[in-house]
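What follows is one structure encoded as structure tokens, with my remarks underneath.
The values are calculated or read from the model by the stated rules, or taken from the named source; none is laboratory data. This structure is a prediction, so every number in the text was calculated from the model and none was measured. Quick reminder, even Gly has a Cβ in these numbers, built from the backbone with ideal geometry, and neighbours come from all protein chains shown.
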Amino acid sequence: RKEVEQDPGPFNVPEGATVAFNCTYSNSASQSFFWYRQDCRKEPKLLMSVYSSGNEDGRFTAQLNRASQYISLLIRDSKLSDSATYLCVVFPAGGSYIPTFGRGTSLIVHP
Amino acid sequence: DTEVTQTPKHLVMGMTNKKSLKCEQHMGHRAMYWYKQKAKKPPELMFVYSYEKLSINESVPSRFSPECPNSSLLNLHLHALQPEDSALYLCASSQEDGSDEQYFGPGTRLTVT
């Protein structure tokens, strides 16, 4: 089993739809979790940190489920500009500098 | 300001050339990183500097040589590269602790001919 797994997609949704991605991790001691967005041929940009209590920023909601070892990202009212690859990033416990990236989930929002 | 800058944006080099990639941040971050990213793959960690000292080298070939002249600057010196080293090279920085949010620069797209 890979350390961090994501469904590569693509998820093809119409504008205005709600879409959710999950990211599972294998190390139960993992302590820091993030979602990044990466546009084609651009750098990853931090989208959200994922806290134990969840995190919401406008149309975006991130949740952590420690019992089942996954994080999720929910996007409401999808916009064309949300089309991108969404990468989850997991850090193991102990302040390790070595993040584990998921392969990314591709989202395509169409008119 | 969460800006990390990188130069050059694009670089084409022959296998016998020596070149350097540069990265700069002015956020007061104490950890800086080099990543390599191939198409349709996630970034792969190469090096981590913490407080200007190399703390992690992910078994990177010696033809890649990192340097951290000061807390704001990070260089990656390239020598005798192979065509398979062609990739997007990303620099990132984070506040201090290794599990903080990382902020990425725009990257240098390297082509080795």
Could you look through the stretch A:6-19, keep only residues that are polar (S, T, N, Q) and not in a loop (DSSP other than H, G, I, E, B), and pick out the one that is farthest from A:Ile98 (Cα to Cα)?
A:Asn12
Pairs with Cβ under 7 Å, 6+ apart, first in the stretch A:83-95 and farther than 16 Å from A:Ser49 by Cα, second of a type in the set (Ser, Thr, Tyr) and at pLDDT 95 or above
A:Thr85/A:Thr105; A:Thr85/A:Ser106
Restricting to the stretch A:43-79, and then to whatever is closer than 17 Å to A:Tyr25 by Cα and of a type in the set (Phe, Trp, Tyr), can you tell me which residue is modelled with the lowest pLDDT?
A:Tyr51
Give the number of residues within the stretch A:72-104 that are farther than 15 Å from A:Leu47 by Cβ, in contact with a Gly (Cβ under 8 Å, 6 or more places away or on another chain) and either hydrophobic (A, V, I, L, M, F, W, C) or more than 11 Å from chain B (Cβ to nearest Cβ) (or both).
3
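Looking only at the stretch A:20-35, how many residues end up being assigned to a loop (DSSP other than H, G, I, E, B) and within 11 Å of another protein chain (Cβ to nearest Cβ)? Please lay out each step first, then the result.
Let us first name the residues in the stretch A:20-35 that are assigned to a loop (DSSP other than H, G, I, E, B), namely A:26-31.
Checking the rest, the ones that are also within 11 Å of another protein chain (Cβ to nearest Cβ) come to A:30-31.
So the answer is 2.
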How many residues does the stretch A:59-98 hold that are surrounded by fewer than 15 Cβ atoms within 10 Å (Cβ to Cβ) and either assigned to a loop (DSSP other than H, G, I, E, B) or basic (Lys, Arg) (or both)?
11
Can you name the condition, by its number, that B:Tyr35 falls short on among (1) over 14 Å from the mean Cα position of the chain (by Cα); (2) more than 8 Å from chain A (Cβ to nearest Cβ)?
(1)
Being within 14 Å of chain A (Cβ to nearest Cβ), part of a loop (DSSP other than H, G, I, E, B), crowded, with 21+ Cβ neighbours inside 10 Å and of a type in the set (Gly, Ala, Ser): is that true of B:Ser99 here?
yes
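Checking the conditions here, which among B:Leu11, B:Leu45, B:Leu76, B:Leu81 is more than 13 Å from the chain's Cα centre (by Cα) and in a strand (DSSP E or B)?
Working: B:Leu45 fails: more than 13 Å from the chain's Cα centre (by Cα); B:Leu76 fails: more than 13 Å from the chain's Cα centre (by Cα); B:Leu81 fails: in a strand (DSSP E or B).
Step by step, each of B:Leu11, B:Leu45, B:Leu76, B:Leu81 is checked, and only B:Leu11 is more than 13 Å from the chain's Cα centre (by Cα) and in a strand (DSSP E or B).
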Filter the stretch A:36-58 down to the residues that are more than 8 Å from every other protein chain (Cβ to nearest Cβ) and not in a strand (DSSP E or B) and list them by number.
A:Asp39, A:Cys40, A:Val50, A:Tyr51, A:Ser52, A:Ser53, A:Gly54, A:Gly58
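Return yes or no: is A:Ile108 more than 12 Å from every other protein chain (Cβ to nearest Cβ), surrounded by 21 or more Cβ atoms within 10 Å (Cβ to Cβ) and not charged (D, E, K, R)? Quick ask: steps written out before the conclusion?
Details: more than 12 Å from every other protein chain (Cβ to nearest Cβ): yes; surrounded by 21 or more Cβ atoms within 10 Å (Cβ to Cβ): no; not charged (D, E, K, R): yes.
The answer is no for A:Ile108.
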